[in-house]
Amino acid sequence: MKTAMECLPCYLRQALQVVRISTTDSQLQLAALRRVAALTSAMDMEHTPPENSVSVYRAIAEITGCPDPYLEVKEQSNKKALALLPDLRQEVKRAADPLALALRLAIGGNIIDYGAMHSFDVDAAMEYCLSAPFAIDDSQHLLQRLRGLGPGRRVLYLADNAGEIVYDSLVIEALVAQGCEVTVVVKSGPIINDALVADAHACGLEKSVRILENGTACPGTPLNICAPELVQAFNEADLILSKGQGNFETLSEAGAEIYFLLTVKCSVVGAHLAAIAKRSAAVLPGKGELVLFHYRGNSSQDEGNS
(Lines give C-alpha, C1' and ligand atoms only; values in the text may rest on other atoms or scores of the structure.)
Protein backbone atom coordinates (compact mmCIF):
# COMPACT_ATOMS: atom_id res chain seq x y z
CA MET A 1 0.00 0.00 0.00
CA LYS A 2 1.44 3.34 -1.03
CA THR A 3 1.30 6.51 1.04
CA ALA A 4 -1.75 8.63 0.20
CA MET A 5 -2.18 12.39 0.44
CA GLU A 6 -4.51 11.83 3.39
CA CYS A 7 -1.57 10.29 5.27
CA LEU A 8 0.35 13.58 5.40
CA PRO A 9 -1.95 15.45 7.81
CA CYS A 10 -2.25 12.20 9.77
CA TYR A 11 1.52 12.25 10.38
CA LEU A 12 1.18 15.77 11.75
CA ARG A 13 -1.73 14.70 13.97
CA GLN A 14 0.31 11.82 15.32
CA ALA A 15 3.32 14.08 15.80
CA LEU A 16 1.33 16.58 17.85
CA GLN A 17 0.01 13.77 20.01
CA VAL A 18 3.46 12.28 20.56
CA VAL A 19 5.36 15.52 21.27
CA ARG A 20 2.89 16.34 24.02
CA ILE A 21 3.60 12.98 25.61
CA SER A 22 7.36 13.20 25.06
CA THR A 23 8.08 16.60 26.59
CA THR A 24 6.46 19.55 28.34
CA ASP A 25 8.95 21.95 26.72
CA SER A 26 6.86 23.94 24.22
CA GLN A 27 9.93 24.96 22.24
CA LEU A 28 10.97 21.35 21.74
CA GLN A 29 7.40 20.47 20.83
CA LEU A 30 7.33 23.17 18.17
CA ALA A 31 10.76 22.20 16.84
CA ALA A 32 9.67 18.58 16.51
CA LEU A 33 6.46 19.53 14.71
CA ARG A 34 8.36 21.73 12.29
CA ARG A 35 10.80 18.90 11.57
CA VAL A 36 7.90 16.54 10.87
CA ALA A 37 6.24 19.10 8.60
CA ALA A 38 9.48 19.34 6.61
CA LEU A 39 9.70 15.55 6.41
CA THR A 40 6.17 15.22 5.07
CA SER A 41 6.92 17.64 2.26
CA ALA A 42 9.71 15.38 1.00
CA MET A 43 8.24 11.92 1.63
CA ASP A 44 8.43 9.26 -1.03
CA MET A 45 4.78 8.53 -1.72
CA GLU A 46 5.72 5.17 -3.24
CA HIS A 47 6.69 3.91 0.22
CA THR A 48 4.12 2.45 2.57
CA PRO A 49 2.71 4.67 5.33
CA PRO A 50 4.45 2.68 8.10
CA GLU A 51 7.81 2.99 6.35
CA ASN A 52 7.40 6.75 6.05
CA SER A 53 6.40 7.00 9.70
CA VAL A 54 9.81 5.74 10.84
CA SER A 55 11.51 9.05 10.02
CA VAL A 56 8.67 10.94 11.74
CA TYR A 57 9.05 9.14 15.05
CA ARG A 58 12.84 9.12 14.84
CA ALA A 59 12.87 12.92 14.44
CA ILE A 60 10.55 13.39 17.41
CA ALA A 61 12.72 11.12 19.58
CA GLU A 62 15.90 12.94 18.57
CA ILE A 63 14.50 16.38 19.35
CA THR A 64 12.62 15.57 22.55
CA GLY A 65 15.11 13.02 23.91
CA CYS A 66 12.28 10.53 24.53
CA PRO A 67 12.83 7.32 22.54
CA ASP A 68 9.77 5.43 23.80
CA PRO A 69 6.97 7.88 24.67
CA TYR A 70 4.36 5.14 24.92
CA LEU A 71 6.33 2.94 27.33
CA GLU A 72 4.05 3.54 30.29
CA VAL A 73 0.93 3.23 28.12
CA LYS A 74 2.16 -0.12 26.77
CA GLU A 75 2.80 -1.44 30.25
CA GLN A 76 -0.68 -0.37 31.35
CA SER A 77 -2.24 -1.96 28.27
CA ASN A 78 -0.51 -5.25 29.03
CA LYS A 79 -1.58 -5.18 32.67
CA LYS A 80 -5.21 -4.46 31.83
CA ALA A 81 -5.34 -7.21 29.21
CA LEU A 82 -3.60 -9.70 31.50
CA ALA A 83 -6.15 -8.98 34.23
CA LEU A 84 -8.92 -9.94 31.77
CA LEU A 85 -7.11 -12.96 30.36
CA PRO A 86 -8.26 -15.63 32.88
CA ASP A 87 -11.93 -14.77 32.28
CA LEU A 88 -11.40 -14.65 28.52
CA ARG A 89 -9.75 -18.09 28.61
CA GLN A 90 -12.79 -19.48 30.39
CA GLU A 91 -15.10 -17.79 27.90
CA VAL A 92 -13.14 -19.29 25.01
CA LYS A 93 -13.17 -22.70 26.67
CA ARG A 94 -16.97 -22.59 27.06
CA ALA A 95 -17.59 -21.42 23.48
CA ALA A 96 -19.19 -23.67 20.89
CA ASP A 97 -16.16 -22.98 18.71
CA PRO A 98 -13.25 -21.95 20.97
CA LEU A 99 -10.81 -21.18 18.16
CA ALA A 100 -13.32 -19.01 16.32
CA LEU A 101 -13.95 -16.98 19.48
CA ALA A 102 -10.22 -16.65 20.15
CA LEU A 103 -9.78 -15.19 16.66
CA ARG A 104 -12.63 -12.73 17.26
CA LEU A 105 -11.10 -11.54 20.52
CA ALA A 106 -7.69 -11.14 18.89
CA ILE A 107 -9.19 -9.01 16.13
CA GLY A 108 -11.17 -6.96 18.65
CA GLY A 109 -7.96 -6.33 20.58
CA ASN A 110 -6.55 -4.59 17.51
CA ILE A 111 -8.44 -1.46 18.55
CA ILE A 112 -5.45 -0.74 20.85
CA ASP A 113 -3.61 1.48 18.36
CA TYR A 114 -2.29 4.91 19.34
CA GLY A 115 -1.07 5.62 15.83
CA ALA A 116 -4.44 5.30 14.13
CA MET A 117 -6.56 6.55 17.04
CA HIS A 118 -5.88 8.90 19.91
CA SER A 119 -8.70 7.53 22.06
CA PHE A 120 -10.73 4.34 22.21
CA ASP A 121 -12.70 2.17 24.59
CA VAL A 122 -11.07 -1.24 24.82
CA ASP A 123 -13.86 -2.75 26.94
CA ALA A 124 -16.52 -1.59 24.49
CA ALA A 125 -14.47 -2.86 21.57
CA MET A 126 -14.07 -6.31 23.11
CA GLU A 127 -17.79 -6.48 23.83
CA TYR A 128 -18.58 -5.34 20.30
CA CYS A 129 -16.31 -7.95 18.72
CA LEU A 130 -18.27 -10.79 20.33
CA SER A 131 -21.31 -10.21 18.15
CA ALA A 132 -20.43 -7.78 15.37
CA PRO A 133 -20.34 -9.13 11.81
CA PHE A 134 -17.07 -9.16 9.94
CA ALA A 135 -16.84 -6.67 7.07
CA ILE A 136 -14.72 -9.32 5.34
CA ASP A 137 -15.19 -12.80 6.73
CA ASP A 138 -12.82 -15.53 5.60
CA SER A 139 -12.89 -17.09 9.05
CA GLN A 140 -14.22 -20.46 7.93
CA HIS A 141 -11.41 -20.82 5.43
CA LEU A 142 -8.85 -19.94 8.11
CA LEU A 143 -10.42 -22.23 10.72
CA GLN A 144 -10.31 -25.11 8.27
CA ARG A 145 -6.65 -24.43 7.56
CA LEU A 146 -5.75 -24.08 11.23
CA ARG A 147 -7.50 -27.28 12.22
CA GLY A 148 -5.70 -29.12 9.47
CA LEU A 149 -2.26 -28.11 10.69
CA GLY A 150 -0.52 -31.15 12.09
CA PRO A 151 2.27 -31.31 14.67
CA GLY A 152 5.42 -29.52 13.60
CA ARG A 153 3.73 -27.18 11.13
CA ARG A 154 5.24 -23.71 11.22
CA VAL A 155 2.94 -20.76 11.94
CA LEU A 156 4.26 -17.21 11.71
CA TYR A 157 2.25 -14.78 13.85
CA LEU A 158 2.99 -11.13 13.11
CA ALA A 159 2.07 -9.28 16.30
CA ASP A 160 0.98 -5.67 16.33
CA ASN A 161 0.51 -3.73 19.56
CA ALA A 162 1.21 -4.11 23.25
CA GLY A 163 -1.90 -5.13 25.17
CA GLU A 164 -3.30 -6.58 21.97
CA ILE A 165 -0.59 -9.25 22.08
CA VAL A 166 -2.19 -10.58 25.26
CA TYR A 167 -5.42 -11.27 23.35
CA ASP A 168 -3.31 -12.83 20.58
CA SER A 169 -2.11 -15.37 23.12
CA LEU A 170 -5.57 -16.99 23.08
CA VAL A 171 -5.05 -17.98 19.44
CA ILE A 172 -1.39 -18.81 19.94
CA GLU A 173 -2.13 -21.12 22.87
CA ALA A 174 -4.63 -23.07 20.75
CA LEU A 175 -2.08 -23.53 17.97
CA VAL A 176 0.62 -24.65 20.39
CA ALA A 177 -1.82 -27.13 21.95
CA GLN A 178 -2.26 -28.88 18.62
CA GLY A 179 1.48 -29.15 18.13
CA CYS A 180 2.23 -26.25 15.82
CA GLU A 181 5.61 -24.54 15.95
CA VAL A 182 4.64 -20.91 16.42
CA THR A 183 6.94 -17.94 15.87
CA VAL A 184 5.66 -14.61 17.18
CA VAL A 185 7.19 -11.57 15.50
CA VAL A 186 7.65 -8.26 17.33
CA LYS A 187 9.44 -5.03 16.50
CA SER A 188 13.14 -4.53 17.27
CA GLY A 189 12.81 -0.97 18.54
CA PRO A 190 10.11 1.24 20.06
CA ILE A 191 7.61 2.70 17.61
CA ILE A 192 4.23 4.04 18.79
CA ASN A 193 2.70 1.29 21.01
CA ASP A 194 3.86 -1.66 18.90
CA ALA A 195 4.82 -4.78 20.81
CA LEU A 196 8.48 -5.44 21.61
CA VAL A 197 10.18 -8.51 23.11
CA ALA A 198 9.39 -7.19 26.59
CA ASP A 199 5.68 -7.18 25.78
CA ALA A 200 5.80 -10.77 24.52
CA HIS A 201 7.55 -11.74 27.74
CA ALA A 202 4.98 -9.84 29.81
CA CYS A 203 2.34 -12.38 28.80
CA GLY A 204 4.70 -15.35 29.00
CA LEU A 205 4.75 -16.22 25.30
CA GLU A 206 8.45 -17.06 25.36
CA LYS A 207 7.63 -20.17 27.41
CA SER A 208 5.87 -21.88 24.53
CA VAL A 209 6.79 -20.13 21.28
CA ARG A 210 9.74 -18.58 19.53
CA ILE A 211 9.89 -14.78 19.81
CA LEU A 212 11.54 -13.16 16.81
CA GLU A 213 12.37 -9.48 16.27
CA ASN A 214 11.75 -8.22 12.75
CA GLY A 215 14.90 -6.09 12.65
CA THR A 216 13.12 -2.74 12.36
CA ALA A 217 11.45 -0.01 14.36
CA CYS A 218 8.74 0.24 11.72
CA PRO A 219 5.07 -0.20 12.69
CA GLY A 220 4.66 -2.92 10.09
CA THR A 221 6.63 -5.64 8.32
CA PRO A 222 8.48 -4.14 5.35
CA LEU A 223 10.22 -7.28 4.10
CA ASN A 224 12.76 -5.33 2.05
CA ILE A 225 14.37 -3.95 5.21
CA CYS A 226 13.54 -6.65 7.75
CA ALA A 227 16.15 -8.91 9.34
CA PRO A 228 17.22 -11.95 7.28
CA GLU A 229 15.94 -14.24 10.06
CA LEU A 230 12.47 -12.77 9.71
CA VAL A 231 12.49 -13.05 5.92
CA GLN A 232 13.56 -16.68 6.20
CA ALA A 233 10.82 -17.44 8.73
CA PHE A 234 8.30 -15.67 6.49
CA ASN A 235 9.31 -17.70 3.44
CA GLU A 236 9.37 -21.02 5.31
CA ALA A 237 6.08 -20.64 7.20
CA ASP A 238 3.26 -23.07 6.49
CA LEU A 239 0.76 -20.38 7.48
CA ILE A 240 1.06 -16.64 8.17
CA LEU A 241 -1.26 -14.71 10.48
CA SER A 242 -0.84 -10.94 10.29
CA LYS A 243 -2.32 -8.65 12.92
CA GLY A 244 -3.23 -5.01 12.51
CA GLN A 245 -3.22 -2.18 10.02
CA GLY A 246 0.52 -1.57 9.87
CA ASN A 247 1.30 -5.15 8.94
CA PHE A 248 -1.48 -5.05 6.34
CA GLU A 249 -0.19 -1.80 4.85
CA THR A 250 3.31 -3.19 4.42
CA LEU A 251 2.28 -6.65 3.21
CA SER A 252 -0.83 -5.92 1.12
CA GLU A 253 1.13 -6.41 -2.10
CA ALA A 254 3.37 -9.26 -0.95
CA GLY A 255 3.65 -12.45 -2.96
CA ALA A 256 2.83 -14.74 -0.04
CA GLU A 257 -0.49 -16.13 1.15
CA ILE A 258 -1.45 -14.28 4.33
CA TYR A 259 -4.44 -14.16 6.64
CA PHE A 260 -4.94 -10.54 7.72
CA LEU A 261 -6.70 -10.01 11.07
CA LEU A 262 -7.46 -6.39 11.87
CA THR A 263 -9.83 -3.68 12.94
CA VAL A 264 -9.97 -1.04 10.21
CA LYS A 265 -9.46 2.43 11.70
CA CYS A 266 -8.60 4.48 8.61
CA SER A 267 -10.59 5.29 5.48
CA VAL A 268 -7.49 5.03 3.27
CA VAL A 269 -6.72 1.55 4.56
CA GLY A 270 -10.37 0.61 4.20
CA ALA A 271 -10.47 1.72 0.56
CA HIS A 272 -7.26 -0.14 -0.26
CA LEU A 273 -8.46 -3.30 1.43
CA ALA A 274 -11.81 -3.09 -0.35
CA ALA A 275 -10.04 -2.81 -3.70
CA ILE A 276 -7.82 -5.83 -3.06
CA ALA A 277 -10.66 -7.93 -1.66
CA LYS A 278 -13.04 -6.83 -4.42
CA ARG A 279 -15.59 -5.46 -1.97
CA SER A 280 -17.57 -2.26 -2.00
CA ALA A 281 -15.70 0.58 -0.31
CA ALA A 282 -18.94 1.36 1.51
CA VAL A 283 -18.50 -1.70 3.75
CA LEU A 284 -15.05 -0.51 4.87
CA PRO A 285 -15.32 3.18 5.84
CA GLY A 286 -12.51 2.79 8.39
CA LYS A 287 -14.60 3.19 11.51
CA GLY A 288 -13.73 0.02 13.40
CA GLU A 289 -14.82 -2.71 11.01
CA LEU A 290 -13.67 -6.23 11.92
CA VAL A 291 -11.80 -8.02 9.15
CA LEU A 292 -10.45 -11.49 8.62
CA PHE A 293 -9.16 -11.51 5.05
CA HIS A 294 -7.56 -14.39 3.17
CA TYR A 295 -4.99 -12.75 0.91
CA ARG A 296 -3.71 -15.17 -1.68
CA GLY A 297 -0.66 -13.25 -2.86
CA ASN A 298 -0.33 -10.50 -5.43
CA SER A 299 0.11 -12.96 -8.30
CA SER A 300 -3.17 -14.81 -7.72
CA GLN A 301 -5.46 -12.34 -5.94
CA ASP A 302 -7.09 -11.34 -9.20
CA GLU A 303 -8.42 -14.88 -9.50
CA GLY A 304 -10.85 -14.10 -6.72
CA ASN A 305 -10.97 -14.57 -3.00
CA SER A 306 -11.82 -17.73 -1.10
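The values are calculated or read from the model by the stated rules, or taken from the named source; none is laboratory data. Model, not experiment: these values are computed from the prediction. Heads up, the Cβs are rebuilt from the backbone with ideal geometry, glycines too, and the neighbour counts pull from every protein chain shown.
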- Query: Of the residues Glu72, Glu51, Glu62, which single one is under 20 Å from the mean Cα position of the chain (by Cα) and without any contact (Cβ under 8 Å) to a residue 12 or more places away in the chain?
  - Reply: Glu72
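This table checks each residue for (1) in contact with a strand residue (DSSP E or B) (Cβ under 7 Å, 6 or more places away or on another chain); (2) surrounded by fewer than 17 Cβ atoms within 10 Å (Cβ to Cβ); (3) in a helix (DSSP H, G or I).
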{"residue": "Pro50", "(1), (2), (3)": "no, no, yes"}
{"residue": "Arg58", "(1), (2), (3)": "no, yes, yes"}
{"residue": "Ala61", "(1), (2), (3)": "no, no, yes"}
{"residue": "Pro69", "(1), (2), (3)": "no, no, no"}
{"residue": "Ser77", "(1), (2), (3)": "no, no, yes"}
- Task: Go through the stretch 229-267 and give me each residue that's over 18 Å from Leu284 (Cα atoms) and of a type in the set (Phe, Trp, Tyr).
- Result: Phe234
- Task: Starting from residues that are over 14 Å from Arg210 (Cβ atoms) and β-branched (Val, Ile, Thr), keep the ones in the stretch 157-175 and report whichever is surrounded by the fewest Cβ atoms within 10 Å (Cβ to Cβ).
- Result: Val171
- Only one residue in Gly163, Gly220, Gly150 is in contact with a helix residue (DSSP H, G or I) (Cβ under 8 Å, 6 or more places away or on another chain) and modelled with pLDDT under 95. Which one? Gly163
- All positions within the stretch 189-223 that are assigned to a loop (DSSP other than H, G, I, E, B), farther than 30 Å from Leu16 by Cβ and either in the same structural domain as Pro49 (by TED's automatic domain parsing) or not aliphatic (A, V, I, L, M) (or both): Cys203, Gly204, Ser208
- Hits in the stretch 224-251 - residues which are surrounded by fewer than 23 Cβ atoms within 10 Å (Cβ to Cβ) and of a type in the set (S, T, N, Q): Asn224, Gln232, Asn235
- Per-region count, the stretch 1-47, residues of a type in the set (S, T, N, Q), under 30 Å from Phe260 (Cβ atoms) and assigned to a helix (DSSP H, G or I): 3
